[in-house]
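The values are calculated or read from the model by the stated rules, or taken from the named source; none is laboratory data. The model shown is predicted, which means the values in this text are computed figures rather than measured ones. Cβ placement follows ideal geometry from the backbone for every residue including glycine, while neighbour counts extend to all protein chains displayed. These accessible areas exclude ligands, DNA and RNA; they are computed on the full protein's heavy atoms, side chains included. Shrake-Rupley method; radii C 1.70, N 1.55, O 1.52, S 1.80 Å.
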Amino acid sequence: RKEVEQDPGPFNVPEGATVAFNCTYSNSASQSFFWYRQDCRKEPKLLMSVYSSGNEDGRFTAQLNRASQYISLLIRDSKLSDSATYLCVDGGSQGNLIFGKGTKLSVKP
Amino acid sequence: GAVVSQHPSRVICKSGTSVKIECRSLDFQATTMFWYRQFPKQSLMLMATSNEGSKATYEQGVEKDKFLINHASLTLSTLTVTSAHPEDSSFYICSAAGRLAGRQETQYFGPGTRLLVL
């Protein structure tokens with residue numbers, strides 16, 4: 001069974017902190033990966049794609065390690081508005097997204 | 001960015017009735033749309049993949065006769081929950097596959113429909 005595993009958290013961090021999430025995936029044939037953000041009782045929203053070379057978008061950095069089959073997301077200088085659930089997503093080999101259960105982040109003042 | 005709309009946003013119905021949910025891609029034509037279900041504190045679970053002009057592909061364990069999917073155009077897919085029961089109460093989310101300029105193809109989600117069956 002193709003799965004994505006994430007630490008559910010919650011991660012409680014102060015404003016300004018750096019926080020990192022990891023997730024592992026089981027399907028070695030998967031070609032694309034994403035991080036989505038989901039606020040409480042809302043739909044997921046694409047945060048960023050994850051490339052083998054790593055990619056950065058402002059305070060967010062995503063990395064993919066194919067050998068170990070894990071994906072990471074680093075958030076620097078956390079803001080209160082970063083509080084949400086972060087979903088690690090395996091794009092699969094057939095285009096069907098496989099979601100992890102999410103990691104809950106709570107940024108405190 | 002891409003916009004996907006869903007209607008209705010929430011619905012309460014009696015057990016045994018049917019509920020129809022619409023999903024529209026507003027910014028782009030989506031040959032493929034997906035229907036997910038999310039129970040409280042659970043991850044999104046794919047129910048079916050809907051391709052324009054053809055029959056939907058259902059995931060294992062999802063009854064195709066209970067969850068009717070129609071994808072009549074490149075911008076509209078509908079999910080009908082037939083003879084809904086309380087255990088069908090959930091958050092139903094659709095998504096449309098697309099690619100924005102300069103980005104990898106991925107799925108863009110509608111705002112979801114919260115269904116409560118009494």
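Couple of notes before you dig in:
- Within region B:75-104, considering residues that are modelled with pLDDT under 85 and surrounded by 13 or more Cβ atoms within 10 Å (Cβ to Cβ), the one nearest to the other protein chains (Cβ to nearest Cβ): B:104
- Of the numbered criteria (1) within 15 Å of the chain's Cα centre (by Cα); (2) part of a loop (DSSP other than H, G, I, E, B), the one residue A:21 fails is (2).
- Among the residues of region A:19-61, those identified as of a type outside the set (S, T, N, Q), facing another protein chain (nearest Cβ under 10 Å) and open to solvent by less than 60 Å² (accessible area, probe 1.4 Å) are A:33, A:34, A:36, A:43, A:44, A:46, A:48, A:50.
- Taken together, the residues in region B:13-58 that are open to solvent by 30 Å² or more (accessible area, probe 1.4 Å), polar (S, T, N, Q) and touching a residue at least 24 places away in the same chain (Cβ under 8 Å) amount to 5.
- Those residues of region A:24-48 which are more than 16 Å from the chain's Cα centre (by Cα) and of a type in the set (A, V, I, L, M), in sequence order: A:29
- Only one of A:75, A:98 that is of a type outside the set (S, T, N, Q), on the phi < 0 side of the Ramachandran plot and modelled with pLDDT under 95: A:98
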